[in-house]
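Comments concern the structure below.
The values are calculated or read from the model by the stated rules, or taken from the named source; none is laboratory data. Everything quoted here is computed from the prediction, not taken from an experiment. Here the Cβ positions follow ideal geometry from the backbone for every residue, glycine too, while neighbour counts run over all protein chains shown.
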Amino acid sequence: MKDFNKFVLDENTSVAYVSGFVKGLTSDEVLARNNAFSLNFADSLNESLTQAKELALKLKMAALVVAFLLLWFYFSAAVSALVMGVIIFGVLLTLFIFAIFGVNLSIFGVFGLILASAVGIDYMIFALNESLSEKERIYGIFCAFITSFISFFTLSFSQTAALSVFGLSVSLCVLIYGLCASVLSCKNIKT
């Protein structure tokens, strides 16, 4: 992330807001002579959000590895690979759908994918619960994913782009995971 210490004002610091500032060689010389700097707030904010999105994606990858190892420990390598494969499939399919419809993946969309992936893992574990009948597993998964889908899909109609993308990413992933977990419930997979 950017170093924001230069934005902390003290008694020897002043701020001047300039409209229509053109950055160039002359302006750089004036700024350097006065020990000053220029800042485009919109560009700085966009850069910070992009860096946060990249960090969130890296943390998501680390979380997937940890989830894989935990699932392997509690179930088996094959079950862990199956569950994580479905999770990665859901994320990639959601990104593919976003690309087809020209939806820009903002940091809020990434947060939505992270949230939905955690929910998807829960659905997969529930689908593998052998103490429940096939019908009970499908019913439980369906009830869970349909309520989550409806709740988050309504956010996609928001006029605020961040909420809209967040709701759309969560609802699409939850739908994919719910359908995959329901199919998985019908299979006779040994944990």
* Would you check if there is a residue in the range 143-156 being without any contact (Cβ under 8 Å) to a residue 24 or more places away in the chain and more than 19 Å from the chain's Cα centre (by Cα)? => yes
* **Enumeration of residues in the range 126-136 that are over 27 Å from the mean Cα position of the chain (by Cα) and within 18 Å of V79 (Cβ to Cβ)** => N129, E130, S131, L132, E134
* Out of all the residues in the range 128-157, which are farther than 23 Å from F96 by Cβ and small (G, A, S)? -> S131, S133, G140, A144, S151
* Asked: Going through the range 119-144 one residue at a time, which ones are basic (K, R) and buried (at least 22 other Cβ atoms within 10 Å of the Cβ)?
  -> R137
* Listed residues F149, F153, F166, F108; which is in contact with a helix residue (DSSP H, G or I) (Cβ under 7 Å, 6 or more places away or on another chain) and within 30 Å of Y74 (Cα to Cα)? -> F149
* Just give me the residues in the range 99-118 being surrounded by 18 or more Cβ atoms within 10 Å (Cβ to Cβ) and under 18 Å from G178 (Cα atoms), in sequence order. => G112, L113, I114, A116, S117
* Check whether at least one residue in the range 123-135 is basic (K, R) and in contact with a Phe, Trp or Tyr (Cβ under 7 Å, 6 or more places away or on another chain), and report yes or no. => no
* Consider V86 carefully, then state whether it is in contact (Cβ under 8 Å) with a residue 12 or more places away in the chain and under 17 Å from the mean Cα position of the chain (by Cα). => yes
* To do: For the range 69-121, enumerate the residues that are of a type in the set (S, T, N, Q), outside any loop (DSSP other than H, G, I, E, B) and closer than 19 Å to E54 by Cα.
  => T94, S117
* Report yes if G90 is touching a Cys at 6+ places or on another chain (Cβ under 9 Å) and of a type outside the set (D, E, K, R), otherwise no. => yes
* Structure fact -> Taking the range 130-159 and keeping only residues that are farther than 17 Å from T94 by Cα, part of a loop (DSSP other than H, G, I, E, B) and at pLDDT 90 or above, one is left with F157, S158, Q159
